[in-house]
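Visitor: Got a structure here, written out as C-alpha cells. Questions coming.
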Amino acid sequence: MSSSIHVPPPFAPPAMSEVERLGNVFTAPSKTFAEIAGGRRSWWLPFVVMCLFSYLLFGAITLKVSWRRVAENTLHADTATMERLEQAPPESRAQSIEQVTRAMQYSMMGSFMASPVVILLQLLIVAGVLMGTVNFIFGGKATFSQSLAVATFSFVPLVIKSGLGAAVTWFMVPESFNLQNFAPTSIGAFLSPTETSAWLYKLATALDVTTIWCMVLLGMGFATIGKVKRSSGYIAVFGWWGLITAIGVAWAAARG
C-alpha cells in the first residue's frame, strides 16, 4: 500500500475589480501592475475616466473662457509669432492675425472634441515606444497588450490636473487663461509666458507634478511587465521624457 500526501495549492489572492485596480493606482500601484503582468490587461475603465475628465475641462473652458479667448491669449503669449505677424503690411496685418487666431481656435476645439481618439493615439505611441525600449535595450519580456494597459493606468493621475484645471477655470479671469498651464501643477503655471524667456518657460512647464507622477508609474509598470529591474524601467521612461523635454526647450530657444 502506498500513501500520498496532499499538498494544498499556494494561496492566490482574489482578483481585484476594475474599480479597485483603478483606485490602487493612487494607493498601491504595484498591485495593479502585478495583475497586468499576471494576465489581466483590461484598460477600458481608466481610458473612459480620462476621456470624461478631458470633456469636463473642455466644458469649463467653453462655458467660462470661450475658445476664441483661448486662441487670442495663446497667440499673444507667442512673441515669435506675434513679431512675425506685426511685420505684415498694415493693410493685411489685422486679417493675418484674425486668420491665425481662427485657425488656432478651431484646432484647439477639435483636439478637445476628439479627446478619445487623441488620448488613444498617445497611449498607443507611449506603449509601443516603451515596450520596444524595455525589451530591446534591457532584455524585457513585455507584450503590447500589457504595455497598453500599463500606459493607460499610469496616466490616470492626469485626471487630477484636468479636474483641478476645470475648477480653477471658473474663478479665473478669461484674459489670464493659459491653455499651456491651465492648472497650478507646474512651475510654469506661476510664471508669465510673456515676461519669461521662451526656453525657460518651456522647461518650467515640463516640470509638472502630475507628469512626473505619471513617469514614475510608467517606470514601475514597465519594469513589472518586462521583468526587469525597477531602475531599468525608470531609465527607459525618464530617458525618453528628458529627450523630448530637451528638444522642446531647444526649439523654444531657437524661436526666441
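Visitor: Check off (1) within 13 Å of the chain's Cα centre (by Cα); (2) free of Cβ contacts under 8 Å to residues at least 12 places away in the same chain for VAL173 and give me the number that stays unchecked.
Guide: Unmet for VAL173, out of (1) within 13 Å of the chain's Cα centre (by Cα); (2) free of Cβ contacts under 8 Å to residues at least 12 places away in the same chain: (1).
Visitor: Ok, one more. Quick one: count up the residues across the stretch 218-256 that are assigned to a helix (DSSP H, G or I) and within 23 Å of GLN180 (Cβ to Cβ).
Guide: Final tally of qualifying residues: 19.
Visitor: Going by what's in this entry, would LEU56 be described as modelled with pLDDT under 90 and in contact with a Ser or Thr (Cβ under 7 Å, 6 or more places away or on another chain)?
Guide: No, not satisfied.
Visitor: Now, a different point. Considering only the stretch 23-68, state which residues are surrounded by fewer than 14 Cβ atoms within 10 Å (Cβ to Cβ), over 21 Å from the mean Cα position of the chain (by Cα) and more than 16 Å from MET109 (Cβ to Cβ).
Guide: GLY38, GLY39 - these are the residues of the stretch 23-68 that are surrounded by fewer than 14 Cβ atoms within 10 Å (Cβ to Cβ), over 21 Å from the mean Cα position of the chain (by Cα) and more than 16 Å from MET109 (Cβ to Cβ).
Visitor: Could you tell me how many of the residues in the stretch 114-131 are in contact (Cβ under 8 Å) with a residue 40 or more places away in the chain and loosely packed, with under 14 Cβ neighbours inside 10 Å?
Guide: 0
Visitor: On the given criteria, is LEU207 at pLDDT 95 or above and more than 22 Å from LEU52 (Cβ to Cβ)?
Guide: Taking the combined requirement at face value, the residue satisfies it.
Visitor: Look through the stretch 72-109, keep the residues that are among the aliphatic types (A, V, I, L, M) and touching a Lys or Arg at 6+ places or on another chain (Cβ under 8 Å), and return whichever of them is farthest from LEU57 (Cα to Cα).
Guide: LEU85
Visitor: Condition (residue is farther than 16 Å from THR133 by Cα and either of a type outside the set (Ser, Thr, Tyr) or in contact with a Pro (Cβ under 9 Å, 6 or more places away or on another chain) (or both)) applied to the stretch 226-244: is it met by at least one residue?
Guide: The answer is no, given that none of the residues of the stretch 226-244 is farther than 16 Å from THR133 by Cα and either of a type outside the set (Ser, Thr, Tyr) or in contact with a Pro (Cβ under 9 Å, 6 or more places away or on another chain) (or both).
Visitor: Look at the stretch 197-207 and say how many of its residues are part of a loop (DSSP other than H, G, I, E, B) and in contact with a helix residue (DSSP H, G or I) (Cβ under 6 Å, 6 or more places away or on another chain).
Guide: Counting residues in the stretch 197-207 that are part of a loop (DSSP other than H, G, I, E, B) and in contact with a helix residue (DSSP H, G or I) (Cβ under 6 Å, 6 or more places away or on another chain) gives 1.
Visitor: Any idea how many residues of the stretch 211-256 are buried (at least 18 other Cβ atoms within 10 Å of the Cβ), β-branched (Val, Ile, Thr) and within 25 Å of LYS31 (Cβ to Cβ)?
Guide: Here the count works out to 6.
Visitor: Sticking with this one: Looking at this structure, is THR143 surrounded by fewer than 23 Cβ atoms within 10 Å (Cβ to Cβ), polar (S, T, N, Q) and touching a residue at least 12 places away in the same chain (Cβ under 8 Å)?
Guide: Answer is yes for this residue.
Visitor: Specify which of the listed residues (GLN95, GLN105, GLN122, GLN99) is more than 23 Å from ALA80 (Cα to Cα), among the polar types (S, T, N, Q) and in a helix (DSSP H, G or I).
Guide: GLN122
Visitor: Which residue pairs have Cβ atoms under 6 Å apart, sit 6 or more places apart or on different chains, and have a first residue in the stretch 16-41 that is in contact (Cβ under 8 Å) with a residue 12 or more places away in the chain and a second that is hydroxyl-bearing (Ser, Thr, Tyr)?
Guide: Qualifying pairs under 6 Å: ARG21/THR32; VAL25/THR32; PHE33/THR224; ALA37/THR224; ARG41/SER145.
Let's see how each residue does on (1) under 22 Å from MET50 (Cβ atoms); (2) of a type in the set (Gly, Ala, Ser):
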site: VAL118; (1), (2): yes, no
site: ALA127; (1), (2): yes, yes
site: ASN135; (1), (2): no, no
site: PHE138; (1), (2): no, no
site: ALA142; (1), (2): yes, yes
site: SER145; (1), (2): yes, yes
site: TRP199; (1), (2): no, no
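Visitor: Let me ask another. Can you name the number of the only condition in (1) hydroxyl-bearing (Ser, Thr, Tyr); (2) surrounded by fewer than 17 Cβ atoms within 10 Å (Cβ to Cβ); (3) in a helix (DSSP H, G or I) that THR194 fails?
Guide: That leaves (3) as the condition not met.
Visitor: On the given criteria, is VAL156 touching a helix residue (DSSP H, G or I) at 6+ places or on another chain (Cβ under 6 Å), part of a loop (DSSP other than H, G, I, E, B) and closer than 27 Å to ILE187 by Cβ?
Guide: yes
The values are calculated or read from the model by the stated rules, or taken from the named source; none is laboratory data. What you see is a predicted model, and the numbers here were worked out from it, not measured in a lab. Backbone-built Cβ (ideal geometry, glycine too); neighbour counts: all protein chains shown.
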